[in-house]
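See below for the structure under consideration.
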Amino acid sequence: MDNKEILYEIALKYNTLKMYENTLEQMKKNGVGNEESLSKIEGEKNVAERELVELLNPNLSSEDTGIKNPSIEETKHCNAFVKALNDESKRGVYKELYDIRKNFFDNITKPVKDDSPVKYRDESKDVLKEAEYKKPTFADVQDKISNSQWISYSNFIVEFPKKEIDIDEWRVSNFYYRNKQNSSCSSNRCTNCGGELEIAVNDFAEKREDGTYNILAKTIKKLERTSKAHVLGNIYANIINNGGDLLYTMCFENCRFVGSDADGFTYDSVELRKVILKFDYDELHILAPNEELAPKEYR
């Protein structure tokens, strides 16, 4: 790969990290998650930062090339590239340089000789002209994708009713929903009243600050003892863009726990174990960023 391609690859990695940071900002802005959960996802972000550093050439290290997996915060020993990103005076320049919406083919020019046909050519009078360098088609497509409000699979944050289900947002791996057809519904906000919701959660067990333990398996056993008619509350899925801004919210109203499904344990894999939580809900509402769920009598 040439320098432009390498720069583009680094930009992709860097902006993935920025999306992670922006998501954290959005969670804080909307009051999503408590201090403990935010602290944990901050730690996950730091891991992602170190992974970015691992992609960089160790020869760029300015002071100690022997440092392994330097942290972004360790400005004394981190490599020159990371230190520059952390420099307040240069941050604006690097932010513009590594903006994924910027097309790295824009500044490519190629001086060529004027080879227009002449009968007698005086090479001493050859002039250089700037080529009309056409950007590759995929670059044009990338521009349109980057500057459009497309919805990515990974751009979501799920909120549980925490009093009933103590699961942090960042532990959710994915979710899937299926609406039931009901043409008789008069609500203009619901989408085919009622349905089924499945949420995959990364299995966990942790000790709280007060000394008690929060164990997913224990939470599930508690949910299984409740009546299937018991309403747990609303589950929200905030859909965001790459900058962390809220695009819309999916509100699954009046969720009830139906059951769970999970694999066992095996020595054949080191992947995270996932547990699927299954719910029924009464209605699905799609809410704009400036919209809240209205009381039923006003729908």
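Restrict the check to segment 238-247 and report whether at least one residue is buried (at least 19 other Cβ atoms within 10 Å of the Cβ) and in a loop (DSSP other than H, G, I, E, B).
Looking through segment 238-247, at least one residue is buried (at least 19 other Cβ atoms within 10 Å of the Cβ) and in a loop (DSSP other than H, G, I, E, B).
Return the residues of segment 246-296 that are under 14 Å from ILE220 (Cβ atoms) and either in contact (Cβ under 8 Å) with a residue 24 or more places away in the chain or among the hydroxyl-bearing types (Ser, Thr, Tyr) (or both); say none if nothing qualifies.
Correct list: PHE257, VAL258, GLY259, SER260, ALA262, ARG273, LYS274, VAL275, ILE276, LEU277, LYS278, PHE279.
Is one or more of the residues making up segment 262-273 at pLDDT below 95 and in contact with a Ser or Thr (Cβ under 6 Å, 6 or more places away or on another chain)? Spell out the reasoning first.
First pass over segment 262-273, keeping only residues at pLDDT below 95: 262-273.
Now narrow it down to the ones that are in contact with a Ser or Thr (Cβ under 6 Å, 6 or more places away or on another chain): none.
No, the conditions are met nowhere in segment 262-273.
Any idea how many residues of segment 180-207 are in contact with a strand residue (DSSP E or B) (Cβ under 6 Å, 6 or more places away or on another chain) and at pLDDT below 90?
Count: 6.
State whether the residues of segment 128-141 include one that is at pLDDT below 55, among the hydroxyl-bearing types (Ser, Thr, Tyr) and not assigned by TED's automatic domain parsing to the domain that holds ASP245.
Yes, because at least one residue in segment 128-141 is at pLDDT below 55, among the hydroxyl-bearing types (Ser, Thr, Tyr) and not assigned by TED's automatic domain parsing to the domain that holds ASP245.
Considering segment 166-177 alone, what residues qualify as being modelled with pLDDT of 95 or more and either touching a Gly at 6+ places or on another chain (Cβ under 9 Å) or not assigned by TED's automatic domain parsing to the domain that holds PHE252 (or both)?
Listed by number, the list holds a single entry, TYR177.
For the condition of a type in the set (Gly, Ala, Ser) and farther than 29 Å from GLU21 by Cβ, what is the one hit in ALA200, ALA205, ALA237, ALA294?
ALA294
Residue check: is TYR236 aromatic (Phe, Trp, Tyr) and at pLDDT below 95?
no
Any residue at all in segment 224-235 that is of a type outside the set (A, V, I, L, M, F, W, C), outside any loop (DSSP other than H, G, I, E, B) and farther than 17 Å from GLU159 by Cβ?
yes
The values are calculated or read from the model by the stated rules, or taken from the named source; none is laboratory data. Keep in mind the model is a prediction, meaning the values are calculated, not measured. Cβ: placed from backbone, ideal geometry, glycine included. Neighbour counts: every protein chain shown.
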